[in-house]
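**Student:** This is the structure I want to talk about, given as structure tokens.
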Amino acid sequence: MNKKIISIILFLVIYLCICPAKVYGNENEAFKSYQEAMQATTSSGCWTENLTMTADMSISKESAKMKTKVTLTSNVDISNYSKNDLSEVKMSGSASMNVMEKKFAWDVVYENGIAHYEYTEPDQRSVDKEMEPSCFNFNTLTQEMMEKAKVSGNKITFTIPGNKMEDAQISAVYFMSGIENLHFDDVDVEMIINQESGAIDTMIMIFHASLNYQGYDSEVDYHMECNFTGTGADGDSSELSGNGTVERQIENGLVIYSDYTNLSIQKDGIITLSVGIRIDGEPLEDVSGITFWTDKSSNLSIRDTGIKNNQRYVKFKATDVGIAQVVFSDSKTGYTAKVPVTVYKNNYLSYTLSSVPIQYIEKYPTNFYNVNGLYIDGYRYEVNDNKTATVSFDVYNSNYTYGVVEVYNAQGNLKDGVLIEKMTPNNTSIKEVLWDGIGCFIKDIVDKNLLTYRQETSFSKKTPIKVEIPENGYIRICNNPEESYIVNIVNSVDVLMSLGKIVNKIKNYDVNSQDFVKKLTFKLVTEKVYETSVRHGSDLPKDLWKGVKKDVFFTSESLGDFSSTIAKNLDELDLGKLIADSAKDFGWGVGEEIFTYFTGPIKKVFDGMFAFSKLQNISMQHMELTRSTNAGSIYIQNQGGGIRTLQQITVKSDTDFSDDTSLNVFQVALDSSIIDILKETNPDVYDAITEGTSYTYNISLLKNGEEVQPEDEVTVYVPIPKNMKFLAYIGKAKIYRVEKDGTLTDMDVKIKDGCFVFNTPHFSLYTLVGIDIWQDKVVILIGIIMVACMIIFFVGIKKQRKRKKYKHVRTKK
């Protein structure tokens with residue numbers, strides 16, 4: 001029997017089973033308690049339903065029998081609920097189900113009677129379905145059903161007759177054709193009431209159902225548990241924002257802030273976590289009872305701690321790569337909270353198609369966890385007949401900045417780019433989110449719970465990606481503005497235009513427009529003028545980021561400086577027309593005046609603007625974009641045989657590399673200790689690195705993410721930069737391998753097809769240097785001799801001409 005059909009049947013049965021028939025009877029004490037709990041649960045019109053279900057299923061036809069266990073989890077946010085009118089109810093959430101060792105997953109948004117389903121596993125597709133809302137309808141539990149109910153403390157237990165379930169649900173089940181003879185046994189129900197709020201905490205249902213689908217007899221034993229959170233009559237529950245997403249208000253408890261909002265930090269960096277106590281929406285002054293610890297002190301070491309502005313702060317130094325949980329606890333209130341801090345070495349991660357990892361850090365299988373705020377899972381690939389590869393995955397972006405998936409061919413030329421969407425605005429004031437200038441509210445902390453990266457509400461934005469990688473090409477997943485010119489330009493323009501809209505300088509611009517930046521991305525990829533400048537190794541991203549300050553503060557002055565600098569850089573690189581043309585496609589009156597406006601003295605324009613809720617998101621974008629300059633990228637390579645290529649650097653071997661061995665290349669700065677050694681041992685190279693032209697690469701082979709050395713000697717091809725070609729062809733540019741003791745090994749390079757070519761038995765740091773010919777005494781001597789020869793030559797010619805003229809005069813006489 002088709003597994004997908006079975007899963008769909010189970011999904012319908014599960015959700016339809018929790019809406020029993022409406023029958024009237026005499027009021028009793030249990031029903032009265034239920035009505036009071038229902039009122040406390042639904043009075044705000046907003047709550048979250050968390051459903052878990054297990055089902056033992058037996059399927060049979062004639063002599064064939066099969067047994068399987070089905071599990072399902074779902075999380076749905078409900079808003080605009082009214083017990084007398086469900087037409088305005090709105091829902092958004094996700095669900096996943098495992099059946100027969102197969103996983104099914106989907107997201108759903110329900111509004112105006114239409115449910116929009118985005119199926120993500122095992123296939124990706126969208127379905128719009130007109131239907132009644134599938135949230136729990138509290139009105140369907142009647143007095144008659146609770147006639148024999150028992151009340152014990154905060155628990156209500158009762159049994160719903162199976163025939164009442166049938167009466168309510170036969171017509172709905174027939175919505176999917178092929179279902180016959182549906183029968184429910186009696187349903188045992190246990191309801192647990194929250195003693196403090198009076199709302200329903202948990203509802204447990206245990207029951208048996210049988211049905212026939214297209215000739216298959218099925219028997220199912222269910223155990224379902226539904227938890228209701230974010231409920232209560234005090235109005236502090238979830239509410240729907242202006243853009244249709246459900247938002248969570250900060251509840252009583254510990255609230256955590258950080259200067260790295262995505263909680264991802266490079267090794268040897270410093271991260272500050274700051275914790276306060278929120279009671280009834282206000283910060284508590286006494287935080288002396290807050291203590292903290294980490295489960296991995298080897299990853300994070302304490303550098304400083306104290307109390308400031310009603311918060312306990314702690315500064316950690318990232319000492320080792322890994323994920324450390326930092327736990328906070330307040331002895332006076334009993335509140336606790338924890339956050340995972342990811343420490344990475346450089347985030348330059350390279351994998352082949354078949355070696356992309358799967359790791360279990362949260363409850364989901366993840367391919368890449370918190371790579372500068374990006375979470376990637378659902379990776380799949382298929383190699384096509386023409387040796388291209390079709391690759392798909394989901395990116396969950398927890399940042400307020402756009403990222404990009406760039407597609408490169410074997411020569412390192414950009415062929416395509418797909419935008420990774422940023423976090424959507426949460427429309428809350430900056431005052432509510434920030435207590436001081438120390439950092440930003442970590443968006444996934446609510447009360448005591450750390451939510452998963454897949455929660456799009458107030459934590460991440462999901463972007464499904466599907467691209468085709470050319471043969472021997474690769475993709476780069478990146479959100480570093482100093483590395484990707486697309487990331488740089490798209491985010492810079494988005495910030496400028498959003499600010500321009502706030503101060504009424506740009507006509508008709510939609511601050512939250514994803515379509516505009518997608519259009520701009522398309523132009524940046526397809527415009528011929530950028531075909532050469534966007535190759536790997538281009539200085540364009542660094543030129544676009546020139547002069548941007550690394551220190552970020554939530555002030556009008558900081559945002560003004562940032563806006564002025566990026567506008568000036570865009571203008572100097574003649575990008576105004578391209579941006580204006582993209583805006584005109586949407587009917588927006590931008591022109592190039594945006595740059596002249598923002599490159600002037602604009603700091604005063606932003607004074608007082610932090611009262612605007614939209615500015616919070618722009619400030620977040622400013623901070624996260626600047627922080628991302630320390631981040632690397634993820635590479636996935638469609639390469640095989642004895643060739644690996646990345647960022648235009650190629651490695652060739654006489655024997656084939658294994659399918660799980662990838663090439664990893666990134667530029668680095670030499671350690672100061674090595675430079676000090678070079679100053680004494682090799683002053684020419686020292687001068688080239690500190691004053692002249694040099695490039696240092698970390699070149700390595702990775703096998704399943706771990707560094708390995710080649711088994712045999714390999715040949716390496718490094719493109720000659722334009723500004724070194726003259727030096728290269730006169731023999732004044734070289735490549736050295738930097739040994740562990742700081743000494744240099746000359747790689748004795750040859751020049752072939754515009755590349756330096758050398759052989760090596762192992763990988764390390766390689767530095768490419770151009771020696772200043774005017775500092776070379778031999779070259780200077782040769783130059784002096786050549787100039788002297790030229791002077792003698794011209795003087796000789798002049799004298800010869802004079803002699804001829806004198807001879808001619810004497811002959812004439």
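The values are calculated or read from the model by the stated rules, or taken from the named source; none is laboratory data. All values derive from a computational prediction rather than experimental measurement. As a convention, Cβ positions derive from the backbone with ideal geometry for all residues, glycine included, and neighbour counts pool all protein chains shown. Just the protein is used for accessible areas: all its heavy atoms, side chains included, with ligands, DNA and RNA removed. Shrake-Rupley method; radii C 1.70, N 1.55, O 1.52, S 1.80 Å.
**Student:** Do we have Asp320 as among the charged types (D, E, K, R), at pLDDT 90 or above, assigned to a loop (DSSP other than H, G, I, E, B) and out of contact with any Pro (no Cβ under 6 Å at 6 or more places or on another chain) here?
**Tutor:** yes
**Student:** Can you find, within the stretch 345-370, the residue that is surrounded by the most Cβ atoms within 10 Å (Cβ to Cβ) among those that are assigned to a loop (DSSP other than H, G, I, E, B) and of a type in the set (A, V, I, L, M)?
**Tutor:** Ranking the candidates gives Val356 first.
**Student:** Further question: Just to verify a result, which residue in the stretch 97-113, among those that are surrounded by fewer than 19 Cβ atoms within 10 Å (Cβ to Cβ) and in contact with a Lys or Arg (Cβ under 7 Å, 6 or more places away or on another chain), is modelled with the lowest pLDDT?
**Tutor:** If we take residues in the stretch 97-113 being surrounded by fewer than 19 Cβ atoms within 10 Å (Cβ to Cβ) and in contact with a Lys or Arg (Cβ under 7 Å, 6 or more places away or on another chain), then Met100 is modelled with the lowest pLDDT.
**Student:** Between residues in the stretch 140-154 that are open to solvent by 80 Å² or more (accessible area, probe 1.4 Å) and residues that are hydroxyl-bearing (Ser, Thr, Tyr), which pairs lie under 6 Å by C-beta distance while being six or more apart or on different chains?
**Tutor:** Correct list of pairs: Lys150/Thr157.
**Student:** List the number of the failed condition for Ile699; all other conditions in (1) without any contact (Cβ under 8 Å) to a residue 40 or more places away in the chain; (2) of a type in the set (A, V, I, L, M, F, W, C); (3) open to solvent by less than 70 Å² (accessible area, probe 1.4 Å) hold.
**Tutor:** Going through the list (1) without any contact (Cβ under 8 Å) to a residue 40 or more places away in the chain; (2) of a type in the set (A, V, I, L, M, F, W, C); (3) open to solvent by less than 70 Å² (accessible area, probe 1.4 Å), Ile699 breaks only (1).
**Student:** Going through Asp447, Asp377, Asp394, Asp436 one at a time, which residue ends up being at pLDDT 90 or above, surrounded by fewer than 23 Cβ atoms within 10 Å (Cβ to Cβ) and more than 22 Å from Gly322 (Cα to Cα)?
**Tutor:** Asp394
**Student:** Let me ask another. For Met176, are the conditions met, namely being modelled with pLDDT under 85, more than 28 Å from Cys46 (Cα to Cα), open to solvent by less than 50 Å² (accessible area, probe 1.4 Å) and in a loop (DSSP other than H, G, I, E, B)?
**Tutor:** It is true that Met176 is modelled with pLDDT under 85, more than 28 Å from Cys46 (Cα to Cα), open to solvent by less than 50 Å² (accessible area, probe 1.4 Å) and in a loop (DSSP other than H, G, I, E, B).
**Student:** Right, here's the next one. For the stretch 405-420, name all the residues that are of a type in the set (Asp, Glu) and either open to solvent by less than 10 Å² (accessible area, probe 1.4 Å) or under 16 Å from the mean Cα position of the chain (by Cα) (or both).
**Tutor:** Selection gives Glu406 alone.
**Student:** Can you name the residue in the stretch 323-339 that is crowded, with 16+ Cβ neighbours inside 10 Å and closer than 17 Å to Ile302 by Cβ and is also farthest from the chain's Cα centre (by Cα) among such residues?
**Tutor:** Ser329
**Student:** Does Ile279 satisfy the condition of being at pLDDT below 95, among the aliphatic types (A, V, I, L, M) and loosely packed, with under 13 Cβ neighbours inside 10 Å?
**Tutor:** For Ile279, the condition - at pLDDT below 95, among the aliphatic types (A, V, I, L, M) and loosely packed, with under 13 Cβ neighbours inside 10 Å - is met.
**Student:** For the stretch 704-715, which residues satisfy the criterion of being at pLDDT 85 or above and either part of a strand (DSSP E or B) or closer than 30 Å to Leu727 by Cβ (or both)?
**Tutor:** Once the filter is applied, which keeps residues that are at pLDDT 85 or above and either part of a strand (DSSP E or B) or closer than 30 Å to Leu727 by Cβ (or both), the stretch 704-715 yields Glu707, Val708, Pro710, Glu713, Val714, Thr715.
**Student:** Of (1) touching a Gly at 6+ places or on another chain (Cβ under 9 Å); (2) crowded, with 20+ Cβ neighbours inside 10 Å; (3) within 27 Å of Phe666 (Cα to Cα); (4) at pLDDT below 75, Arg535 satisfies all except one. Which?
**Tutor:** (2)
**Student:** Which of the numbered conditions does Val287 fail, given that it passes all the others? Conditions: (1) assigned to a loop (DSSP other than H, G, I, E, B); (2) open to solvent by 20 Å² or more (accessible area, probe 1.4 Å); (3) modelled with pLDDT of 90 or more.
**Tutor:** (2)
**Student:** Which numbered condition trips up Asn488, out of (1) within 23 Å of the chain's Cα centre (by Cα); (2) modelled with pLDDT under 85?
**Tutor:** (2)
**Student:** From the list Lys90, Lys69, Lys83, Lys61, which residue is farther than 23 Å from Ile193 by Cβ, at pLDDT below 75 and open to solvent by 40 Å² or more (accessible area, probe 1.4 Å)?
**Tutor:** Only one candidate qualifies: Lys61.
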